Amino acid sequence: MKLNLFKKILKNKLYNSSILDDEINIKIDQTLTQDSTGTMTYLQLEKLNLKERKTKLSVAYIDHNLLQSGPENADDHLYIKSICKKYNIYYSKPGTGICHQVHLERFSKPTQTLLGSDSHTPTSGALSMIAIGAGGLDIACAIAGKAYTIKNPKVINVKLNGKLNNNASAKDIILKLLKDLTVKGGVNKVFEYSGSGVKYLSIPQRATICNMGAELGATTSIFPSDDMTYEFLKAQGRDDDFVRLEADEDCIYDDFIEINLDELNPLIACPHSPDNIKEIRDLKNIKIDQICIGSCTNSSFKDLSMVSHILKNKKVHDDVSLTISPGSKQVLSMLAESGDLKILIDAGARILESSCGPCIGMGQSPNTNSISLRTFNRNFKGRCGTTDASVYLTSPKICAITAITGVLDSSLLDELDNYDFSKIKEPNNYLVNDNTIIKPAYDTKKTNEDVKIIKGPNIKDVPLASKMTSTLKGKILTKLDDDITTDHIMPSNSKLLPYRSNIPYLSKFVLKPSDDKFYDLAIKEQGGFILAGENYGQGSSREHAALGPLYLNIKAVLAKSFARIHKKNLINNGIIPLEFKNKDDYLDIDVKNNLVINDLIESLKSKNTIDVINEDKNKSYTLEINLSKSQRELILKGGLLNMLAGDLNA
């Protein structure tokens with residue numbers, strides 16, 4: 001049987017399933033966490049009574065919550081560090097860099113599987129890994145040796161022809177796909193890249209594409225392992241990790257997309273969604289207040305070298321605040337050694353720490369009613385920390401040239417023609433210094449029983465779902481539009497991020513950006529139901545968007561459709577996701593309507609639909625139970641932690 005690249009790796013990583021099954025169980029080689037999701041991941045890991053780590057490699061990164069305006073973030077970091085000692089996990093100290101950038105540099109390996117508690121984990125698909133973003137509980141289970149169960153995704157072949165022109169960037173390839181497919185276009189799909197254009201794309205360029213595949217809602221994205229892969233690994237001193245890998249000729253795909261790179265023009269995502277795409281040549285005279293270059297999407301050495309190339313002997317416009325966040329300590333060191341860092345500073349750029357920073361609203365929020373131009377991956381309303389700001393997403397080239405003029409305009413393309421970017425190459429040797437990555441201190445087959453787990457006063461226990469009942473009753477507590485993100489469900493900013501290990505406190509802010517009355521009504525009614533539109537829960541993998549509602553006794557979410565990771569997080573935490581069979585029924589239901597769901601347990605065991613009664617309108621609606629057999633079992637047992645605890649007790 002001729003196999004595509006994804007299936008070729010997958011066939012050797014399956015447990016009690018085959019590449020033809022509708023639901024597959026994937027054995028996980030590596031895991032990564034970051035500190036925003038990591039505390040909850042490891043609190044859940046402790047519940048599993050694990051004696052030893054089962055993965056080949058696990059890394060805990062500190063890259064999100066680096067503003068230490070109180071003890072909360074530092075306490076979380078100390079907790080994670082102590083967990084790493086106990087379970088033999090690598091610990092990446094603050095300042096080492098963004099998890100996806102550092103993992104690509106130092107740990108990603110072709111043919112292996114990676115599960116990460118961050119939606120942009122597919123970045124490592126650039127090195128021919130099956131890399132998937134998931135909720136923290138799934139990561140805890142993977143560390144404990146449990147397989148990761150998902151719906152078998154469709155594999156879409158994206159054939160790249162030709163070569164990018166001087167002004168276009170890898171960012172434009174993924175923005176083109178977002179324009180054509182939208183943020184819902186990749187749900188339960190894998191995007192596998194091939195074609196003559198692939199050989200011209202460096203690993204950092206491939207990483208940009210795989211990274212923003214998350215904005216399509218994709219399960220993951222993947223590139224072949226080829227000569228470019230070998231050169232990157234060799235330059236990182238990791239040539240022993242190289243395995244050549246590509247799809248079989250004439251293999252089967254579920255669909256095909258073709259992009260001619262020669263014809264691709266610079267693109268931009270306009271407010272307030274990554275799929276609101278326009279061409280730069282169609283823009284006129286947009287005054288820019290702030291420019292932020294960096295994030296896990298565009299913070300490689302080559303990305304920032306191009307910015308330096310443009311800003312050399314130039315000056316950042318007086319009305320523009322330009323910030324640059326190198327993706328890793330390695331990138332920052334190389335910028336310093338090459339002289340690029342001096343060029344950036346002399347031009348007027350503000351150099352930030354090697355961290356996620358402004359991308360997650362952790363500092364650098366723009367001014368009121370401002371326009372911010374960024375190389376990041378998401379521009380959801382309010383994510384930057386300023387609710388009335390407008391955020392645009394584009395390539396480092398466009399950001400750099402705009403920093404000089406202060407105006408986003410089609411004329412910038414003529415300015416870019418004056419620069420020759422072909423001279424900027426990937427280095428033959430990267431500066432390798434892993435002294436801020438703390439390696440496990442003892443043999444992987446032993447557990448250090450003497451390690452003391454350190455928990456600050458802000459770290460609270462994990463909420464658990466209550467036992468499933470056959471009848472659910474409750475009010476509709478909120479009615480939400482399409483494309484509600486996890487940023488809307490569980491806001492992420494510098495004020496709230498320090499409380500990621502404190503669900504009781506965070507629950508007060510659930511859905512606040514969309515419905516500031518939700519929390520009060522949920523407390524008054526002692527729980528109930530959420531009503532939502534299409535693609536509910538898109539964006540970040542943060543399971544706090546499920547844990548917060550769980551703490552508020554949300555019993556089910558009724559939606560037109562769900563984003564993949566959030567749906568799985570709801571299931572893991574015992575919250576039932578139901579989808580309207582007739583989507584127009586959504587319009588008939590109002591906030592505070594009393595709903596009743598009967599015969600729930602029997603329906604979850606054997607049926608594909610269930611009737612929901614609206615007592616206020618004397619109507620009944622049919623909703624679909626789009627759950628696999630294993631997901632139904634999880635719901636019936638009150639979520640994954642309850643199920644595993646039951647198995648352990650048994």
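Values quoted throughout were computed directly from the atomic coordinates according to the rules given, and no laboratory measurement underlies them. Since we're looking at a predicted model, the values are computed, not measured. Glycine gets a Cβ as well: all are built from the backbone with ideal geometry, and neighbour counts include every protein chain shown.
Run down the lysines and flag those whose C-alpha is under 21 Å from the C-alpha of Lys495, throwing out any fewer than 8 positions away in its chain.
Lys381, Lys455, Lys460, Lys508, Lys512, Lys517
Tally Lys and Arg at +1 and Asp and Glu at -1 over the other residues with C-beta under 15 Å from the C-beta of Ala336: what net charge comes out?
Here the count lands on -2.
For the residue pair Ser630 and Lys473, what label-to-label distance in nm results when each label sits 7 Å from Cα along the Cα-to-beta-carbon direction?
3.7
Can you give the angle from 0 to 90° between the axis of helix 329-338 and the longest principal axis of the chain, with both taken from C-alpha atoms, to the nearest 10?
Its long axis makes an angle of about 10 degrees.
Using every Cα-Cα pair within the range 5-263, state what percent have a distance larger than 35 Å.
Counting every Cα pair in the range 5-263, those more than 35 Å apart make up 14 percent.
When Tyr621, Tyr87, Tyr15 are ordered from fewest to most other Cβ atoms inside 10 Å of their Cβ, what list results?
Tyr15, Tyr621, Tyr87
Got a sec? Which residues in the range 71-99 would a label at Asn435 touch, if it sits 7 Å along Cα→Cβ and we count backbone N under 14 Å?
96
Using only the Cα atoms of the range 72-123, construct the convex hull and provide its projected area averaged over every direction, in square nanometres to one decimal.
4.3
Cα convex hull of the range 267-421: how many Å³ per residue?
Once divided by residue count, the hull of the range 267-421 is 92 Å³.
How high is the FRET efficiency from Asn161 to Asn285, r the C-beta distance, R0 45 Å, rounded to 0.05?
Once rounded, the FRET efficiency stands at 0.85.
Apply the Karplus parameterisation 6.51 cos²θ - 1.76 cosθ + 1.60, with θ equal to phi minus 60°, to every residue of the range 21-27 and state each ³J(HN,Hα) to the nearest whole Hz, in sequence, with x for glycine and proline.
So the Karplus estimates, Gly and Pro as x, are 5, 6, 10, 10, 10, 9, 6 Hz.
What net charge do the residues around Lys560 carry, taking every other residue with its C-beta under 9 Å from that of Lys560, with Lys and Arg at +1 and Asp and Glu at -1?
-2
List the lysines whose alpha-carbon lies under 17 Å from that of Lys314, not counting same-chain residues fewer than 8 positions away?
Qualifying lysines at Cα under 17 Å: Lys342, Lys397.
Let me know the Rg and Dmax you get for the range 1-76 when you use only its Cα atoms, in Å.
Here Rg and the maximum Cα pair distance are 17.6, 58 Å.
Express in nm, to one decimal, how much length is gained between Arg244 and Glu449 on full extension, taking 0.36 nm for each residue of separation and deducting their alpha carbon distance.
69.7 nm
Using Cβ counts within 10 Å as a stand-in for footprinting exposure, how do Tyr61, Tyr90, Tyr430 rank, fewest first?
Tyr90, Tyr430, Tyr61
Please report the relative contact order for the range 262-411, taking Cα pairs under 8 Å with a sequence separation of at least 6, and give it as a percent rounded to a whole number.
36
Taking the alpha carbon gyration tensor of the range 472-649, what are the square roots of 5 times its eigenvalues, largest first, to the nearest whole Å?
The equivalent ellipsoid of the range 472-649 has semi-axes of 23, 21, 15 Å.
On a 0 to 90 degree scale, rounded to 10, what angle separates helix 396-405 from the longest Cα axis of the chain?
For 396-405 against the chain, the angle is about 60 degrees.
Evaluated at 25 °C with a viscosity of 0.890 mPa s, what Stokes-Einstein diffusion coefficient in µm²/s does the chain have when Rh comes from the Kirkwood expression over alpha-carbon pairs?
The estimated diffusion coefficient comes to 98 µm²/s.
Round to a whole angstrom and tell me the spacing of the C-alpha centers of the range 500-516 and the range 540-585.
Between the Cα centre of the range 500-516 and that of the range 540-585, the gap is 16 Å.
Charges at C-beta only: +1 for Lys and Arg, -1 for Asp and Glu. How large is the resulting dipole of the range 366-477 about its Cα centre, in Debye rounded to 20?
Here the size comes out at about 980 debye.
Quick check on the range 490-537: take the gyration tensor over C-alpha atoms, sort the square-rooted eigenvalues as a ≥ b ≥ c, and tell me if it's rounded (a/c under 1.5), prolate or oblate.
oblate
Which FRET efficiency, nearest 0.05, do Asp346 and Asp388 yield, Cβ-Cβ r, R0 41 Å?
0.80
Between the range 339-406 and the range 92-121, what is the C-alpha centre distance in whole Å?
For the range 339-406 versus the range 92-121, the Cα centre distance is 23 Å.
Within a 10 angstrom radius of the beta carbon, how do Cys399, Cys296 rank from fewest other beta carbons to most?
Cys399, Cys296
Roughly speaking, what is the centre-to-centre gap between the range 590-614 and the range 178-235 when only Cα atoms are used, to the nearest Å?
41
Over the alpha-carbon set of the range 171-217, work out the extent along each principal axis and list the three values in angstrom, largest first.
So the three principal-axis extents are 29, 16, 16 Å.
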